[in-house]
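Following: one structure in structure tokens, then a few remarks.
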Amino acid sequence: HSLVEKLQEDSYDGFFEEQLYKQFEELFTTGDGKLLNFEELSGQPLNTILLDCLMYDDDVLFAQALALLERTFTQRCKVLQALSDVSLMQQPTTLTLFGNVSEK
């Protein structure tokens, strides 16, 4: 097994969790999500270029390259954090209460 497969096995045990994981990954690897990947947009090995930029003796270049690398490799984490702030309201009474609160 590769390291990724091992991590998936350790982290996701069960059919529902596996399906959820696959759908979540598809947000970043297919359709519009894939088109928003920096390397897809540029057509260049951007991560390699950014790693090279970290080696120059320029503080601004270093900071910007590191920021782009962080943005690239923390996308999934940021989406998961944002999802934890979402509340699904399915009951009509909940929706009515929410509507009343938002009007004040």
(message) One residue is enough: does segment 42-56 have a residue meeting the conditions at pLDDT 80 or above and on the phi > 0 side of the Ramachandran plot?
(response) yes
(request) Look at Leu69 and say whether it is at pLDDT 75 or above, aliphatic (A, V, I, L, M), open to solvent by 70 Å² or more (accessible area, probe 1.4 Å) and part of a helix (DSSP H, G or I). (result) no
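The values are calculated or read from the model by the stated rules, or taken from the named source; none is laboratory data. As the structure is a computational prediction, the values presented were derived from the model and not from experiment. Just so you know, the surface numbers come from the protein's heavy atoms only, side chains and all, with ligands and any DNA or RNA stripped out. Shrake-Rupley method; radii C 1.70, N 1.55, O 1.52, S 1.80 Å.
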